[in-house]
Amino acid sequence: MSNNQNNTGNFMTGIIIGSIVGAATALLMAPKSGKELRGDINTQMEVLKEKSGEWKETVMEKGSEYTSTAMEKTNQLRQVAMEKGNNVVEVVKDKTDQFRSAANNASDQLAEETKDMTDEWRETVHETTDNAADQAKESIDQVQAQSENLTDDLAEKTKEMADQVNNSMNE
């Protein structure tokens, strides 16, 4: 995207320089008196000033549009990531509760046959449940970190684009 903006800035610079050179050549090659030539040059300079002002406004508007669009998309992505993360947490909690309930029922039935076997199994179930909860939390933290990184990257790229547009217009 930065390369595209650089090409646009170079293109706009080329248009301005080409317009100046073309207008100057046309004015200097025309057989006119000095007074008429100065008047024509002043007229052309006024037209060029107006056009460059219009181009600057257009570039600034587009930069603002891109910035607001980037911010809007970032907020949408953050919201989706948060919703998905919350949904994952709820599903994990529900499944963990269901699994824990089933494990407790099974362990109660097996307790009558062998107490040692039930104790080992219950410990395995709790470890699995804790690992699943830890993994879900890690996944949520990763999604949040990625969302924040994307937001920061988009904001930085948008600022760079605005700075490039301003710099190209100031040159």
Give the cross-link partners of residue 51 among the lysines, using a straight C-alpha distance below 25 Å as the criterion and excluding same-chain residues fewer than 8 apart. 35, 62
Karplus ³J(HN,Hα) for the stretch 91-105 (6.51 cos²θ - 1.76 cosθ + 1.60, θ = phi - 60°; Hz, whole; x = Gly/Pro) runs 5, 4, 4, 4, 5, 5, 5, 4, 5, 4, 5, 5, 5, 5, 5
With -39,500 (n - 2.57) per DSSP H segment of 4 or more residues and division by the full residue count of the chain, the 222 nm estimate, nearest 500 deg cm²/dmol, is -35500 deg cm²/dmol
Excluding residues on the same chain fewer than 8 positions from residue 137, give the lysines whose Cα lies under 19 Å from its Cα. 84, 93, 95
Calculated FRET efficiency, residue 149 and residue 101, Cβ-Cβ r, R0 45 Å, to nearest 0.05? 0.70
Rg/Rg_globular for the stretch 2-170, with Rg_globular taken as 2.2 N^0.38 Å and Rg from C-alpha atoms: 2.18
Checked against the positive end of the charge dipole of the chain (+1 on Cβ of Lys and Arg, -1 on Cβ of Asp and Glu, about the Cα centre), the farthest of 147, 68, 114 is 68
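Read-outs throughout are calculated quantities, based only on the coordinates presented, and are distinct from any laboratory measurement. Not measured: the values here are computed from a predicted model. Using ideal geometry, Cβ is built from the backbone for each residue, glycine included, and neighbour counts are taken over all protein chains shown.
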